[in-house]
Amino acid sequence: MLRFSVNKSEIAKKISIASSSIGSRTVDPILQCLLFKPTDGHISIYGTDLQTSVISLVRVGEYEGNESFAVDAELIDDIVSNQSEEEVIFEYSNGKLLVKSGKAKYNISTISDIERFPIIEIDNGGVRFSIDTSILEEMLERVSFCASSESAMRALNGVYWEVHGGFLRLVASDGYRLALAEQKLDIDSEFDFILALKSVKELEKLVSSTTEPTINIVYDHSIVSFSAGDVTMVVRTVEETFPDYKRVLPKAFKTRVVLNSDDFSEALKRVMVISKRGNEKVQLKITDDVMELSSQSPDFGEAIENIPVTKDGEDLIVNFNPKFLSEAVKHIGEKEIEFNFVDNINPLQINPRNVEGYIYIVLPVRA
């Protein structure tokens, strides 16, 4: 048996966090469950989809018994979150779970064969390092949107992590654009791995929801764990090789343009009114102090707008998918940005004017 009482707000939060790893479709009922397991004065709540496991620790004053149980995640989340009282009592015995709070009482069936519940374990001998939560959150936000949404493209359907030369670099690409963010770390080891996009999104939720100032990371070859206080996320890495991103980074530029990101974003938004009704293409025409943005549609006409820029180098006419430009500028989040062009065929590099640590690469489209 197992009996414990806990604060409703505390356990509701931890149930929600653990549930985030559970897949939406599975043929095995055990994978739709959360496992509750008493350990060292607290209750551990496990959720998994076999790729990602989340372990939330719930601190309880005392508990009786030492049995574990697995219960449908959506059901227990619904029950706990709808209680009006702050105290929730859990009593598990002989395959049945009793949940009580105030005048409410629930008798719930559980999964009896909890030995089948899969838990991803990590070796404590792995490489350990830490990073400020706010920095990791910013790095993930600045690259993950460039990852491919096609699950069949396993090497690109995620974020590449590279630790090399004392830097952590996160890279994502869908084959048409690429985002790179880097941060100096106090680490001597060198390694790399890919995290699937679904796992990255769950990590983003963990990082954005925690109040812990630091994320502790342990890398153990095929498995990586991320710990933030009472919550640990354990992820299997993707067994694929990420393309050599350094090959697509431009080495020299013929045209450099400095512009105001707000001016560009607003002009692009207005020109996209036509482009989204046409060929999903925007032309940039760059002269000495002006960038002309234009788009055409055979059925709806043409849109043209000019913005002031500072140009260094050759005049240029080049075409892009406007969505890729818009998202890159949005995620830079700086007022003054640089567009660095090789020509109208090779990738454009976009980066903030006076901030180091991240760049975007966008391929032009044919005229």
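The values are calculated or read from the model by the stated rules, or taken from the named source; none is laboratory data. Small disclaimer: the values here were computed from a predicted structure and weren't measured. In this analysis, Cβ positions are derived from the backbone assuming ideal geometry, glycine residues included, and neighbour counts consider all displayed protein chains. Heads up: the accessible areas ignore ligands, DNA and RNA and are worked out on the full protein's heavy atoms, side chains in. Shrake-Rupley method; radii C 1.70, N 1.55, O 1.52, S 1.80 Å.
Quickly run through segment 121-145 and pick out the residues that are of a type outside the set (A, V, I, L, M), open to solvent by less than 70 Å² (accessible area, probe 1.4 Å) and either touching a Pro at 6+ places or on another chain (Cβ under 8 Å) or more than 30 Å from PHE324 (Cα to Cα) (or both). So that I can check it myself, show each step before the final result.
In the first step, residues of segment 121-145 are kept if they are of a type outside the set (A, V, I, L, M); the result is 121, 123-126, 128-130, 132-134, 137-138, 141-142, 144-145.
From what's left, open to solvent by less than 70 Å² (accessible area, probe 1.4 Å): 125-126, 129-130, 133, 142, 144-145.
GLY125, GLY126, PHE129, SER130, THR133 - these are the residues of segment 121-145 that are of a type outside the set (A, V, I, L, M), open to solvent by less than 70 Å² (accessible area, probe 1.4 Å) and either touching a Pro at 6+ places or on another chain (Cβ under 8 Å) or more than 30 Å from PHE324 (Cα to Cα) (or both).
What number of residues within segment 32-77 are hydrophobic (A, V, I, L, M, F, W, C) and without any contact (Cβ under 8 Å) to a residue 60 or more places away in the chain? Please lay out each step first, then the result.
Let us first name the residues in segment 32-77 that are hydrophobic (A, V, I, L, M, F, W, C), namely 33-36, 43, 45, 50, 54-55, 57-58, 60, 69-71, 73, 75-76.
Subset that is without any contact (Cβ under 8 Å) to a residue 60 or more places away in the chain: 34, 36, 43, 45, 60, 70-71, 73, 75.
Selection size over segment 32-77: 9.
From the set of residues in segment 34-79 that are of a type in the set (S, T, N, Q) and part of a strand (DSSP E or B), which is modelled with the lowest pLDDT?
THR39
When you go through ILE187, ILE217 one by one, which is the residue that is surrounded by fewer than 23 Cβ atoms within 10 Å (Cβ to Cβ), touching a residue at least 12 places away in the same chain (Cβ under 8 Å) and touching a Lys or Arg at 6+ places or on another chain (Cβ under 8 Å)? Quick ask: steps written out before the conclusion?
Details: ILE187 fails: touching a Lys or Arg at 6+ places or on another chain (Cβ under 8 Å).
Answer to the selection: ILE217.
For segment 78-93, name all the residues that are touching a residue at least 40 places away in the same chain (Cβ under 8 Å) and either under 19 Å from ASN107 (Cβ atoms) or under 25 Å from the mean Cα position of the chain (by Cα) (or both).
First, pick out the residues of segment 78-93 that are touching a residue at least 40 places away in the same chain (Cβ under 8 Å): 80-81, 83, 85-93.
Within segment 78-93, VAL80, SER81, GLN83, GLU85, GLU87, VAL88, ILE89, PHE90, GLU91, TYR92, SER93 meet the criteria.
Applying the selection to segment 242-263, what residues are outside any loop (DSSP other than H, G, I, E, B) and more than 22 Å from ARG366 (Cβ to Cβ)?
Filtering segment 242-263 down to residues outside any loop (DSSP other than H, G, I, E, B) leaves 245-248, 255-263.
TYR245, LYS246, ARG256, VAL258, LEU259, ASN260, SER261, ASP262, ASP263, listed by residue number.
Just for segment 41-64: of the residues that are more than 22 Å from GLU212 (Cβ to Cβ) and in contact with a Lys or Arg (Cβ under 6 Å, 6 or more places away or on another chain), which one is least open to solvent (accessible area, probe 1.4 Å)?
GLN51
Show the residue pairs meeting these rules: Cβ distance below 8 Å; 6+ apart or different chains; first residue within segment 343-365 and open to solvent by 50 Å² or more (accessible area, probe 1.4 Å); second residue of a type in the set (S, T, N, Q).
ASN344/ASN319; VAL365/ASN319; VAL365/ASN321
How do the pairs read when you match residues in segment 296-319 that are basic (Lys, Arg) with residues anywhere that are part of a strand (DSSP E or B) and open to solvent by less than 40 Å² (accessible area, probe 1.4 Å), using Cβ under 9 Å and keeping only pairs 6 or more apart or on different chains?
From residues that are basic (Lys, Arg), the pairs are LYS311/THR255; LYS311/VAL257; LYS311/VAL258; LYS311/ILE286; LYS311/MET291.
To keep it simple, each residue is scored yes or no on (1) modelled with pLDDT under 95; (2) more than 34 Å from the chain's Cα centre (by Cα); (3) within 14 Å of SER261 (Cβ to Cβ).
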| residue | (1), (2), (3) |
| --- | --- |
| LEU284 | no, no, no |
| GLN296 | yes, yes, no |
| GLY301 | yes, yes, no |
| VAL309 | no, no, yes |
| ASP312 | no, yes, no |
| PHE324 | no, no, no |
| GLU327 | no, no, yes |
| GLU338 | no, no, yes |
| ASN344 | yes, no, no |
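Across segment 290-310, what is the number of residues that are touching a strand residue (DSSP E or B) at 6+ places or on another chain (Cβ under 6 Å) and in a loop (DSSP other than H, G, I, E, B)?
Restricting attention to segment 290-310, the residues satisfying the condition of being touching a strand residue (DSSP E or B) at 6+ places or on another chain (Cβ under 6 Å) are 290-296, 302-307, 309-310.
Those left that are additionally in a loop (DSSP other than H, G, I, E, B): 309.
Residues flagged as touching a strand residue (DSSP E or B) at 6+ places or on another chain (Cβ under 6 Å) and in a loop (DSSP other than H, G, I, E, B) within segment 290-310 amount to 1.
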